[in-house]
Every structure is written in C-alpha cells, then in structure tokens.
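Below is one structure; the comments refer to it alone.
Every number here is computed from the coordinates shown, using simple stated rules; none is lab data. All figures in this text were calculated on a predicted structure; none of them were measured in a lab. Here the Cβ positions follow ideal geometry from the backbone for every residue, glycine too, while neighbour counts run over all protein chains shown.
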Amino acid sequence: MSPDNGDTLVDGDPRLLGVDAFALFGFSRQAPSKTLPGLGMRDANGRFVVGALLPVSRVSADAFCRAAGRVESRADSGLSLGPALFLGEWEARARKMVERSSRCLSKAEIPCFDWSAERVTRDVLRHGLACGAGFALYYGHGRSVGWAGYHGFRARHLPDSVAEPIGAMFSITCSTASRGGSGLSYAERLITQGMSAASMGATRKTRHLSNAYLASSICEAIAAGEGRVHDIVYSARLPEDLLFSSYRIFGDPTAEVRGSQSSLEKARAVYAPAPEERFDFRKASSWTHGVLPESVREEDVDLAELIGI
C-alpha cells in the first residue's frame, strides 16, 4: 500500500485479518511518526500485526530490492542465525547493554562481535559493516542524521557499495527515525542505501529503561531461535507502551537475521581490541596513515606511548 496514493490503513483495519506482516510503500510526503502508530497495527479482532515502512523512490527501490533479495536468499541456505554486531558509544550504560546482549546470544551459540566506539574507529566500522552480518544493534545516543558514537556516524559514512547487506539493523536509541527537516532519517537511509534489508529506529527521544527492555527482548527472541524480524517482535511479547511507542520498522518486516556465507570470516578479520589490550599494528587491517616505521611493524606498540599521552 502507498499512503502517497491515498491508500491508508487504520488501527483495527479488517484488511489485516490473517496477515503475518505488512508494508506501506512511499509516504515521501508523510513522516514515519504519522504513517504508523508504532511497530504495526491491530486487525479487526484486536490482534497486533507487525508493519514496516518503505520510503522508496524509483532510484532507492533498486538498492533496497537488491539488499532484501540477497538477505532472503539466506533463508534456505542452512546458515545459522547471526553473527551479531554490537555497536555503540564509549559510555557505561551502552557498555552494560552490550554485555547483557552478548551473554544472552552467546548462550545460544550465536557469534557476537563487539565493535563499540572504544574498540573501533569510524573508518574501521565503515568497512566492517559490509561483512554481511545477520543483524546489528546500536546502543547509545542517536540523532535524525545518525549515531552519536564514533564521533558521529551518518549515512555518508556507510560503505559505498554493499555486496552482502546486513539482515536487520536495530538502532536502540533516540531519534534515528526522525526526519528532522533534512530529508529521510538515518534509519530510513539504512535501507534505501542497501545497507540492510530491515531497520528499526525511534522517531523521537526514548527512555533508557525502555531501550534496555527492548534490546533484551529482541536478543532473547533471537536466542530462542526466531529468525525473521516480524517473528522476533511477536516472540518478544512487548508491552503496548513499546509496541505503540516511537519505534518504527523500515524495509522488509520479514527480513532474515542470518549472515552471508562469508560473514563470520569477514567479521573475525576486523581488528577490534579492548582498550586495555596493547595495540598490534600487524592485526590492524584498516590502518590508513601511510607506511609504518620498521620498529612499529616489528613489535606491538602501546597506543598511549605512540601518540604521546
């Protein structure tokens, strides 16, 4: 359906009876916050149905369709769920959310990678996101133009071309689905630029406790074996104040959260050391500051010593 063409759905719409998930196309003239009341709508019997928004044009539809097609091709490949990418700010609350999520998914033997801002730079993240992971979760602060972490990560910092997109990107933060007077929001651009088949973001500021609950519920649903976005939302059994909150889903509401055949190998190749580790330049695959001195290439270097702190 396309709101731009006058096709609208309302809460309690009988057309949603028997539907597992739905998507609204277009809505270029209508903000996400005004197009859907939350993560979906109720049907005529009061059953909640997951819904997504597709702000695609003739230009962006091509990138989205390629990404969604690549992700859907993984459904019958026998690939496992994940790998999971944890992104976020160098902040105590964000770190705790990463740790909780990692423990939950690791118990289900889903590979997890911590690429928060204390471990990787914006440039390393830019290249790492092209690994074709199953899903990614961002924790911390957000804006309509992108994530606050990594000294600001915006749509222009995304990979130029993505052969293997991420299944779903969950931005558990404020405002990434707010258009803010600057065209499409960051959460929307993740799908229109072909970065992922599905994206979740909030249209306004959010509460940390609600974000923590949402993140835990998503991870628990995936750990329980749910492999598609709409099934994850159903299995999460979110309360109404989250189902009908500021969060919206963009792209394919049935997108798989399975990575590509080579995603695990590519994710492992990204050098993301913890702050307390000595920085090993031999493992740093994204060093872009020219030729290193021989003394640096031959041994591990304390990063604080190198930059003179």
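If the chain between HIS127 and HIS157 were fully stretched, how many nm would it gain, using 0.36 nm times the residue separation less the Cα-Cα distance?
9.8 nm
Our coupling estimate for the range 251-263, obtained by passing each phi through the Karplus curve with A = 6.51, B = -1.76, C = 1.60 and θ = phi - 60°, is x, 8, x, 9, 4, 6, 10, 10, x, 6, 4, 9, 5 Hz, Gly and Pro reported as x. If both residues of a DSSP beta bridge must be in the range 134-233, then about 30% of such bridges are antiparallel. The label-point distance for ARG268 and SER77, in a model that sets each label 7 Å from Cα toward Cβ, rounds to 1.7 nm. Ordering THR8, THR35 from the fewest to the most neighbouring beta carbons within 10 Å gives THR8, THR35. Toward the positive end of the charge dipole of the range 58-267, with +1 on the Cβ of Lys and Arg and -1 on the Cβ of Asp and Glu, the farthest Cα among SER199, ALA221, ILE232 is that of SER199. Derived scalar couplings between HN and Hα for the range 129-145 equal 5, 8, 6, x, 5, x, 7, 9, 10, 9, 10, x, 9, x, 9, 4, 8 Hz in order, rounded to whole Hz, by the Karplus curve 6.51 cos²θ - 1.76 cosθ + 1.60 (θ = phi - 60°), x for Gly and Pro. An oblate overall shape is assigned to the range 167-213, the ratio a/c of its alpha-carbon gyration tensor axes (a ≥ b ≥ c) being 1.5 or greater and a/b not exceeding b/c.
Ranking ALA255, ILE110, LEU17 by how far each Cα lies toward the positive end of the dipole of the chain (charges on Cβ) leaves LEU17 at the top.
Taking every alpha-carbon pair under 8 Å whose residues sit at least 6 apart, the chain reaches a relative contact order of 22 percent.
With a cut-off of 13 Å between beta carbons, the residues surrounding SER60 carry a summed charge of +1, where Lys and Arg count +1 and Asp and Glu -1. Taking amide H as placed 1.01 Å from N in the peptide plane, the amide H of PHE170 sits under 5 Å from that of ALA136, LEU137, TYR138, MET200, each at least 5 places away or on another chain. If R0 equals 35 Å, the separation of the Cβ atoms of GLN30 and GLU109 corresponds to a calculated FRET efficiency of about 0.25.
Find how much the distance from THR8 to GLU240 grows on full extension, using 0.36 nm per residue of separation minus their present alpha carbon separation; answer in nm with one decimal. So the extension gain works out to 81.3 nm.
Counted by Cβ distance under 13 Å from GLN193, the other residues give a net charge of +2, where Lys and Arg count +1 and Asp and Glu count -1.
Over all other residues within a Cβ to Cβ distance under 13 Å of VAL145, the charged ones net out to +4, with Lys and Arg as +1 and Asp and Glu as -1. Per residue, the convex hull spanned by the alpha carbons of the range 58-267 comes to 105 Å³. Basic side chains Lys and Arg get +1 at the Cβ, acidic Asp and Glu get -1 at the Cβ, and with that the dipole of the chain about its Cα centre reaches some 800 debye.
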